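The values are calculated or read from the model by the stated rules, or taken from the named source; none is laboratory data. From a predicted model like this one, the values you see are computed outputs, not experimental measurements. Here the Cβ positions follow ideal geometry from the backbone for every residue, glycine too, while neighbour counts run over all protein chains shown.
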Amino acid sequence: MLFNSLHFLFFLPVVVALYYLLPHKFRWVLIFFASCYFYMAFVPKYILILFLIILIDYFSALAIEAAKGRNRLYWLVASLLSNIVLLSFFKYFNFLNLNLQQVFLFFGKEFHPLNLDIILPIGLSFHTFQSMSYTIEVYRGKQRAERHLGYFANYVLFFPQMVAGPIERYDSLGNELKKEITPVYKNFSDGFRLILFGLFVKMAIADNIAPIVNEVYHDPLKYSSSQVLAAVLFFSFQIYADFYGYSTIALGCARLLGITIMDNFKTPYLSRSISEFWSRWHISLSTWFRDYLYIPLGGNRVKLPRWSFNILIVFMVSGLWHGASWTFVIWGALHGLMLLLERYFSLIFKFEIKKQWSVLNILLTIKTFVLTSFIWIFFRAESFSNAGDVFTAIFGGNTISNYENSFYVPVVFIVILMLSDLVLYNSRFDNKLSEYRTPYRWMVYTILLFCLLAFSGTQKFAFIYFQF
Amino acid sequence: MIKTISIKIVLLSLILFGLNGIYSAFFLEKDLREKSTEALKIRDTQSKTDVYYFGESSNITYLPGDSIENSISEITNFFFPKIKITNINKYATHGGIYKHWLKEIDLNVNKPKALIITLNLRSFDAAWIHSKLETQLQESLVLTRPYPALFNRFCLSLQAFDNKTEKQREQEMLEDWRTQQLKFPTPFKYKTVSEWDYGMSQGTYLKEDGSWDSDKIVLACHYIKSYAFNLNESNPRIKDFDEIVNWCNLNDMKLYLNLMAENSEYADSLVGKELVFLMAQNRDFLVKRYTKGNCVVVDNLSLVSGKDFIDQNWTTEHYNYKGRMAIAKNLAGHLKDQFKTEYKLAY
């Protein structure tokens, strides 16, 4: 079920009402069935994969806790392997075969791979990563294994964040799901504020930009340099508004149920460096990779060459996590490379970014935005040749314009998005709004409501991150 | 808490009421122009229209090089120079869309003297009912639903209408072809469209060299899929036209259902008399059902000769100027009863 659907706008109030009507001990049952229903609205049979992940990790965690010595590690490896095999089968099987075919071709041999007609279950990468974090934490002794299968299932299935995160840890979401919650006015007001703002960001901003980006990326060579450049910059805002909007709605839905989940975004386009960008963009994934890959590889307590290698590995794996294509790997690698260059630069020139805002910081922010925008080309392009066409179109100097639709509406909304980021710098919409007096708050509600109802995109686009 | 929430709900309702007014006054027309052009055209033309002609591509398609390129409605208007016939056209429309267009006519502004609505036999078949173009047609109706304009606009963004995927529609169409039983007065070896289609595809037509004439087979199969059905009350389009006829009777408006010509000659020569029987039976069903009260069925089914169809390799209701003129003349002949004094022989 999509958050931006009439179906969901009926589903959510019913779940919230039942949630507060039921006694605490039965609420997990409601959340479980509501989450299953939510997920099954996409492709019903794929819920079985989720059940399998839940069962594997539930029993693995119990086994890890009960085992001693190296057996703990064996159970952990078995659990992680099971998750990775499942993920690989659905996400990387065809990609792997395609690459094997290319390798065989290179050596002049023929290889006819089995091409499975598989649709990637929505949000599989999110579920597996979330579930894996739990067994790792149990192995590390930082988390006790959950005895209640229902609560553990809800940790993996919790509908507000099940298909596109944030990727939660058991010590936060697991405990939140167990809390006995009474209806509190602030939860409702914060929840509605976040949902309203999230829907506005997704439907009015991202969905108004999407048609332009889709059209230009479909055949970039048809458009003038400035139009392709505009589409490249627009995509930066589209993917931000799309994912930020989704995450904000997820926060709002959870808040209506009295449950707190983590912030996934903190005004990332106001970052002054790539490393700062990654502390503000998709925070739950960045911290996952930090805790479960970067630090185990040695983190920053190793020599510079090894550290550089670690950074590249982490970013390339992160790219591959996003999609089974080399364009994603290059996208990740370029981010890693930029981060390394920043580090070398600061080491050589003893340069440190100061916290207070200055002209230099503004220029650094623009630099970071431009860099990330160009790197997004590999993320958005369907292939290397498509990415090549985008670069050719930008730098080819084509002045013939083939795009007839107006950029006016998307540009207005992008300006609103950036202004809201400036206002919300190091804050969040619901908290910031609480600082305002009632008339100003209602003025904001009215504007958002009007933009959402009257100017949302007229084509519906699924959230981009659902495909991961 | 209940009191606070109640106050806020009232305040929110007032805000929504105001926003709906602002949207209707300043932004609705732009959206209608983009998504519901036909509804807007009806609203804009009503004050100077005597007769509306609702149609699909059959009205406006002409053969490049035709000596006249006018639509059927325009040619019909030649017979009545003193009245204004306004055509409202959209490709692939059908009864389910026309019935919504009717609601755009504000009877208090200027009640049209008559309505001419295209009755396309193929629009009752499974391929048209489950056409992939249906989603776009349904989208065009969202902004004109009888709800607050701002709510309709939001529904459009949420794609809250009959928004099935092409694949879903195709499956429904195949299901209909597989399950709907064909009825003939005498025993016939094929019971469903699927069976008939399959039978036809098994080498019915051979070339002189003994190979299959696949072009001919494909066309014959297409004729079967277009016309092989028995009309009855359960057909969704029949329900739509029932509503249209009732609306006209209720509002005392003369209604002409203009049954378009089909290429019966080719249906006969390619597929056989069974298919022509079904076409005629369905025509009789429509004529009998709708020739009553204010409604007249203008039967053009066999009026146009096979060679006057523009598309010789597909089933369409696109005619060259001879075909369009023949239909317009037949239609004008029926309109003449109502507009006796305005009638003037055009050709």
Members of the range A:406-417 found to be surrounded by fewer than 16 Cβ atoms within 10 Å (Cβ to Cβ) and within 16 Å of A:Phe197 (Cα to Cα), listed by number
A:Val415
Just one of B:Asp308, B:Asp299, B:Asp337 is of a type in the set (D, E, K, R) and within 18 Å of B:Leu270 (Cβ to Cβ); which is it?
B:Asp308
Show me the helices (runs of 4 or more DSSP H) entirely contained within the range B:199-283 in which 2 or more residues are in contact with a Cys (Cβ under 7 Å, 6 or more places away or on another chain).
B:236-250
Any residue in the range B:37-47 that is crowded, with 17+ Cβ neighbours inside 10 Å and facing chain A (nearest Cβ under 8 Å)?
no
Can you tell which of A:Lys266, A:Lys303 is among the charged types (D, E, K, R) and free of Cβ contacts under 8 Å to residues at least 40 places away in the same chain?
A:Lys303
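Can you confirm whether B:Asp50 is at negative phi, of a type outside the set (Lys, Arg) and within 14 Å of another protein chain (Cβ to nearest Cβ)?
no
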Residue list for the range B:17-46, filter: assigned to a loop (DSSP other than H, G, I, E, B) and either free of Cβ contacts under 8 Å to residues at least 12 places away in the same chain or not polar (S, T, N, Q) (or both)
B:Phe27
Among the residues of the range B:242-255, is any over 25 Å from B:Ile72 (Cβ atoms) and charged (D, E, K, R)?
yes
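Yes/no per residue for (1) surrounded by 15 or more Cβ atoms within 10 Å (Cβ to Cβ); (2) more than 30 Å from A:Pro166 (Cβ to Cβ); (3) within 14 Å of chain B (Cβ to nearest Cβ); (4) at pLDDT 95 or above:
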position	(1), (2), (3), (4)
A:Asn361	yes, no, no, no
A:Leu371	yes, no, no, yes
A:Asp389	yes, yes, no, no
A:Glu404	no, yes, yes, no
A:Leu424	yes, no, no, no
A:Ser427	no, no, no, no
A:Phe450	yes, no, yes, yes
A:Phe461	yes, no, yes, no
Residue check for B:Leu303: modelled with pLDDT of 95 or more and surrounded by 15 or more Cβ atoms within 10 Å (Cβ to Cβ)
no
Here's a check for you: in the range B:129-166, which residue that is more than 18 Å from A:Gln459 (Cβ to Cβ) and surrounded by fewer than 19 Cβ atoms within 10 Å (Cβ to Cβ) is nearest to the other protein chains (Cβ to nearest Cβ)?
B:Phe151
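For the range A:247-322, please list each of the helices (runs of 4 or more DSSP H) lying entirely inside it that holds at least 1 residues being under 16 Å from A:Leu340 (Cα atoms) and of a type in the set (Lys, Arg).
Details: elements: A:274-280, A:283-289, A:304-322.
Counting at least 1 such residues, we get A:304-322.
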Answer yes or no as to whether A:Thr365 is surrounded by 14 or more Cβ atoms within 10 Å (Cβ to Cβ), more than 14 Å from chain B (Cβ to nearest Cβ) and either in a helix (DSSP H, G or I) or β-branched (Val, Ile, Thr) (or both).
yes
Give just the number: which of (1) surrounded by 18 or more Cβ atoms within 10 Å (Cβ to Cβ); (2) without any contact (Cβ under 8 Å) to a residue 40 or more places away in the chain; (3) within 14 Å of another protein chain (Cβ to nearest Cβ) does B:Asn77 not satisfy?
(3)
